[in-house]
Amino acid sequence: MILTRDGDTTVGLDERAAVANNNKADLFISLHANAAPRPATSGAEVFYLSLDEYGDAAERVAHTDSDPLPIFGGGTRDIELILWDMAQARYIKESAALAQTVESSLRQRVPMSPRAIQQAPFRVLVGANMPAVLVEMGFITNPAQEKQLQSDEFQNLIVQALVDSITRFRDAHGAARLPGSR
Amino acid sequence: MVRRMALGSLVVLVILALVWMVAAIAPRIPVRSVPAAASPAASVTPSGPERKIKATLYYISEDGLSLPGVQREVPFADSIAEQARRIVEAQLTAAPPPYAPAVPGGTTLRALFIGQRGEAFVDLAGDVRTKHPGGALYELFTIYSIVNALTVNLPAITRVQILIDGKEADTLAGHVDLRHPLQKNLKWTELPTDTDK
């Protein structure tokens, strides 16, 4: 497991995906605290990328296979030429499955929002070259949830849910991110 | 004879001077924009001295979990760009009870222009960023209240790109990708049913 930050520092959105890509991570999970104008709004939500907003470019990337390129000494090697800007386009199905796994694990442990799983054009997800989800753990604008989010007990429940869902996803989709296995 | 020729020359000179004045001054006279080009989907109501349209604007529901459309009156304009500007300005005003505003109070519109392919570029003042409390759902509601208000009421507008302080922005508050124009998205207008999950 690699943390993009372990303190109160600002890390750019591209940099977060780059950390995962450069380390060839199997999964990318972005953890957030939510906010709403209504204090009563509460519950955890899980997002994965929506491609609708990216038009034809995303569609092309989603169906791009590796290209054989000549290598030094002769012969060719299959190289994946994918722009990081659109890397997530090839993992939407896996990310949807990961979102469902994370949601069901969270649901067993913490209160969920009526909008438990959603798709959205989130900037931090689009460059991740692996299955990726964004988890909003709760609403800091809800006083009771704000307290929960600060407690070790609630944080442990979130961690247990994530570990459980990662294990379950690995068992069900272990080879999902290997090229050609989709 | 000489007197007649001099008079004729004077008449010709006066005519030439008039032609020159018309040619030089006419381009500076303001031309009215083409009327009724907006063809708004919203209905026009001839109520009172100021014409208005009924437009669907988007606000946060009482439970904070959806972005329903609400019919409101917006001043009529005779061009798409001007009508779009008036719709966004109405969207930025206070929400009617019992709704909450999707855009932080005090947010102002710097400019709005329409591209050749039906994209609207909405340039908001930087206040929208500094006043926004963050959160994925709130940010989605802020962005899509503006995107939907334009695309639902003005079918000629197909996509909307939000700029901040005149510049292209990565995100408003860390979530929604603003680098591309966004299309209408009505899935936030009501809560999903069990079958949608």
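Selection of first residues in the stretch B:53-72 that are within 16 Å of A:Ala40 (Cβ to Cβ) and of second residues that are of a type in the set (Lys, Arg) and surrounded by 16 or more Cβ atoms within 10 Å (Cβ to Cβ), restricted to Cβ pairs under 9 Å at least 6 apart or on distinct chains, gives the following pairs, ordered by first then second residue: B:Ile60/A:Arg38; B:Ser61/A:Arg38; B:Glu62/A:Arg38; B:Asp63/A:Arg38; B:Gly64/A:Arg38; B:Leu65/A:Arg38; B:Leu65/A:Arg115; B:Ser66/A:Arg115. Restricted to the stretch B:69-78, and to residues there that are surrounded by fewer than 18 Cβ atoms within 10 Å (Cβ to Cβ) and at pLDDT 95 or above, the residue that is farthest from the other protein chains (Cβ to nearest Cβ) is B:Pro75. Candidates in the stretch B:87-115 are the residues that are closer than 18 Å to B:Glu168 by Cβ and exposed (fewer than 15 other Cβ atoms within 10 Å of the Cβ); of these, the one that is nearest to the other protein chains (Cβ to nearest Cβ) is B:Gly115. Residues satisfying the criterion are absent from the stretch B:172-185 (criterion: crowded, with 17+ Cβ neighbours inside 10 Å and either part of a helix (DSSP H, G or I) or away from chain A (no Cβ under 12 Å) (or both)).
Output yes when any residue across the stretch A:164-173 is out of contact with any Asp or Glu (no Cβ under 7 Å at 6 or more places or on another chain) and within 21 Å of B:Gly174 (Cβ to Cβ), and no when none is. Taking every residue of the stretch A:164-173 in turn, none turns out to be out of contact with any Asp or Glu (no Cβ under 7 Å at 6 or more places or on another chain) and within 21 Å of B:Gly174 (Cβ to Cβ).
Given the residues B:Val128, B:Val103, B:Val122, which is the only one that is in a helix (DSSP H, G or I) and on the phi < 0 side of the Ramachandran plot?
Values: B:Val103 fails: in a helix (DSSP H, G or I); B:Val122 fails: in a helix (DSSP H, G or I).
Residue meeting the stated conditions: B:Val128.
Annotation note: of B:Ala120, B:Ala84, the sole residue that is surrounded by 24 or more Cβ atoms within 10 Å (Cβ to Cβ), closer than 19 Å to B:Arg179 by Cβ, small (Gly, Ala, Ser) and modelled with pLDDT of 95 or more is B:Ala120.
For the stretch A:117-133, what are the residues that are facing chain B (nearest Cβ under 7 Å) and part of a strand (DSSP E or B)? Steps first, please.
First, the residues of the stretch A:117-133 that are facing chain B (nearest Cβ under 7 Å): A:117, A:120-123, A:126.
Scanning the stretch A:117-133 gives A:Ile117, A:Ala120, A:Phe122.
Any idea which residue in the stretch A:1-34 is farthest from B:Ala169 (Cα to Cα), counting only those that are of a type in the set (D, E, K, R) and loosely packed, with under 11 Cβ neighbours inside 10 Å? Before the answer, list the steps.
Residues of the stretch A:1-34 that are of a type in the set (D, E, K, R), as a first pass: A:5-6, A:8, A:14-16, A:24, A:26.
Adding the requirement that they be loosely packed, with under 11 Cβ neighbours inside 10 Å leaves A:6, A:8, A:24.
Working: A:Asp6: 27, A:Asp8: 23, A:Lys24: 28 Å.
The selected residue is A:Lys24.
Screening B:Ser66 on (1) surrounded by 19 or more Cβ atoms within 10 Å (Cβ to Cβ); (2) in contact with a strand residue (DSSP E or B) (Cβ under 6 Å, 6 or more places away or on another chain) shows it passes everything except condition (2).
Exactly one residue out of A:Ala172, A:Ala144 is modelled with pLDDT under 95, outside any loop (DSSP other than H, G, I, E, B), surrounded by fewer than 15 Cβ atoms within 10 Å (Cβ to Cβ) and away from chain B (no Cβ under 14 Å), and it is A:Ala172.
Residue-wise test of (1) within 26 Å of A:Val135 (Cβ to Cβ); (2) within 16 Å of the chain's Cα centre (by Cα); (3) among the charged types (D, E, K, R).
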| position | (1), (2), (3) |
| --- | --- |
| B:Ala156 | no, yes, no |
| B:Val160 | no, yes, no |
| B:Glu168 | no, no, yes |
| B:His175 | yes, no, no |
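Go through the stretch A:17-55 residue by residue and tally those that are small (Gly, Ala, Ser) and away from chain B (no Cβ under 11 Å).
Step one: of the stretch A:17-55, the residues small (Gly, Ala, Ser) are A:17-18, A:20, A:25, A:30, A:33, A:35-36, A:40, A:42-44, A:50, A:55.
The next check asks that each one be away from chain B (no Cβ under 11 Å); those that pass are A:17-18, A:20, A:25, A:44.
Residues meeting the conditions: 5.
Every listed requirement among (1) in contact with a helix residue (DSSP H, G or I) (Cβ under 7 Å, 6 or more places away or on another chain); (2) more than 11 Å from chain B (Cβ to nearest Cβ); (3) at pLDDT below 70; (4) under 21 Å from B:Lys187 (Cβ atoms) is met by A:Ala58 save one, (2).
Residue-by-condition table, conditions (1) of a type in the set (Gly, Ala, Ser); (2) in contact with a helix residue (DSSP H, G or I) (Cβ under 7 Å, 6 or more places away or on another chain):
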residue	(1), (2)
B:Pro104	no, yes
B:Phe113	no, yes
B:Gly135	yes, no
B:Phe141	no, no
B:Leu154	no, yes
B:Asp165	no, no
B:Lys184	no, yes
B:Trp188	no, yes
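If I filter the stretch A:98-108 for residues that are surrounded by fewer than 20 Cβ atoms within 10 Å (Cβ to Cβ), at pLDDT 95 or above and not in a helix (DSSP H, G or I), do I get at least one hit? Yes, the stretch A:98-108 has at least one match.
Just one of the numbered conditions (1) modelled with pLDDT of 90 or more; (2) not in a loop (DSSP other than H, G, I, E, B) is not true of A:Glu53: (1).
Here B:Leu150 does not fit the description of being surrounded by fewer than 17 Cβ atoms within 10 Å (Cβ to Cβ) and either touching a residue at least 40 places away in the same chain (Cβ under 8 Å) or small (Gly, Ala, Ser) (or both).
Contact map, the stretch A:11-36: residues that are without any contact (Cβ under 8 Å) to a residue 40 or more places away in the chain paired with residues that are of a type outside the set (A, V, I, L, M, F, W, C), Cβ distance under 6 Å, separation 6+ or inter-chain. Pairs shown: A:Val11/A:Thr4; A:Val11/A:Arg5; A:Val19/A:Thr4.
The values are calculated or read from the model by the stated rules, or taken from the named source; none is laboratory data. For clarity, every value in this text was computed on a predicted model and none was experimentally measured. Every residue, glycine as well, gets a Cβ built from its backbone with ideal geometry; the counts of neighbours run over all protein chains shown.
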